[in-house]
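Report on the structure given below.
The values are calculated or read from the model by the stated rules, or taken from the named source; none is laboratory data. If you're wondering where the values come from, they're calculated on a predicted model, not measured in any experiment. Note that each Cβ is placed from the backbone with ideal geometry, even for glycine, and that neighbours are counted across all protein chains shown.
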Amino acid sequence: TGVTLPLLCAAWELLVVARVSTHRMARLEWPFPPARPLLPSAARLSALAAGNASIAVWRLRLNEGQPPAISTKQNWPGFYPHPLWRPLSVAWVWLEYASLLLFPSELCCDWSAPALPPITSLADPRLAVLAAAAAATAAAPE
């Protein structure tokens, strides 16, 4: 999460402060013009980029140049070998987390391994929920 936090701050800067059009992004319409000029955000974005790079270098030094050792039990959907099911499974995890932010009814102290199994076939009912969530996001009013 250390490297992720500055990236989330940069996304916040672009989406909230500069008011970049998320609806155009969801519809893959380029460019995504901000409602406000980006120049005031440039210093903060530069600081975030420098901080992110320094965290990444620090983490690499802690690992002595070796890649991090992450167990598949820590992120089962992220390590699923199929090239289609992996991103869909990760998207399902994101949707699950987003729904828990809105409706924290099924909290769990450990979401590892089999807690959120990967999507493995077109018959998986979670695909319909993912499609509906993507359609709702793209159709949301500006």
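Quick one: which of Pro118, Pro83 is modelled with pLDDT of 80 or more and surrounded by fewer than 10 Cβ atoms within 10 Å (Cβ to Cβ)?
Exactly one residue qualifies, and that residue is Pro83.
If we scan segment 91-105, do we find a residue that is at pLDDT below 80, assigned to a loop (DSSP other than H, G, I, E, B), closer than 22 Å to Leu5 by Cα and over 21 Å from the mean Cα position of the chain (by Cα)?
The answer is no, given that none of the residues of segment 91-105 is at pLDDT below 80, assigned to a loop (DSSP other than H, G, I, E, B), closer than 22 Å to Leu5 by Cα and over 21 Å from the mean Cα position of the chain (by Cα).
Give segment 65-85 a look and list any residue that's under 8 Å from Pro118 (Cα atoms) and touching a helix residue (DSSP H, G or I) at 6+ places or on another chain (Cβ under 7 Å), or say none.
Matches in segment 65-85: Trp76, Pro77, Tyr80.
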